Amino acid sequence: MTDKLPIRSTDKWTFHLHQEEGLQFHITSGQETGDHILIEGHDISTLLDFLYDHRELIYHATHDEELHRLEATEAGAHPTDQQPEQHFEPIFYFDDGIERTRASH
């Protein structure tokens with residue numbers, strides 16, 4: 001079953017979902033040091049919630065000005081046009097340890 005779960009690699013890291021007795025998220029150093037991080041079960045959900053809550057900060061920190069211009073051009077906007085600031089509403093979930101349910105507003 002692990003052969004069908006996703007694996008993604010960068011120059012520095014390999015990310016792999018693995019399922020044995022539960023879902024595990026493996027992060028392995030791509031520099032062949034043998035270093036790895038193992039995140040299991042509910043902690044994966046907590047990590048995803050944390051990343052989602054800070055997605056705007058992550059996006060702006062990982063996309064330089066030239067990439068912003070390129071994305072604006074590809075979207076059909078002129079690169080010098082003022083783009084309205086995007087605002088995202090948080091999505092909250094209830095997790096009872098068995099399933100995760102989206103909270104209603």
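No value in this document is a laboratory result; all are computed from the given coordinates. As the structure is a prediction and not an experimental result, all values here were calculated from the model.
Amide H contacts of TRP13 (H built 1.01 Å from N, in plane; Pro and chain starts excluded): GLY30 sit under 5 Å, all sequence-distant by 5 or more or on other chains.
Judged by the ratio a/c of the largest to the smallest principal axis of the C-alpha gyration tensor, segment 31-76 counts as oblate, that ratio being 1.5 or greater while a/b is no larger than b/c.
Computed from Cα atoms, the angle from the helix 65-74 axis to the main principal axis of the chain rounds to 80 degrees. Karplus-based coupling profile of segment 30-35, in residue order and whole Hz: x, 9, 6, 8, x, 6, with θ = phi - 60° in 6.51 cos²θ - 1.76 cosθ + 1.60 and x standing for Gly or Pro.
In the chain, the calculated helix contribution to ellipticity at 222 nm averages -8500 deg cm²/dmol per residue, counting -39,500 (n - 2.57) for every DSSP H run with n ≥ 4. For the chain, what class follows from the C-alpha gyration tensor (a ≥ b ≥ c being the square roots of its eigenvalues): rounded when a/c is under 1.5, otherwise prolate if a/b is larger than b/c, else oblate? It is oblate, given that a/c is not under 1.5 and a/b is not larger than b/c. Pairing the Cα long axis of helix 42-53 with the longest principal axis of the chain, what angle in degrees results, from 0 to 90 and rounded to the nearest 10? For helix 42-53, the angle is close to 10 degrees.
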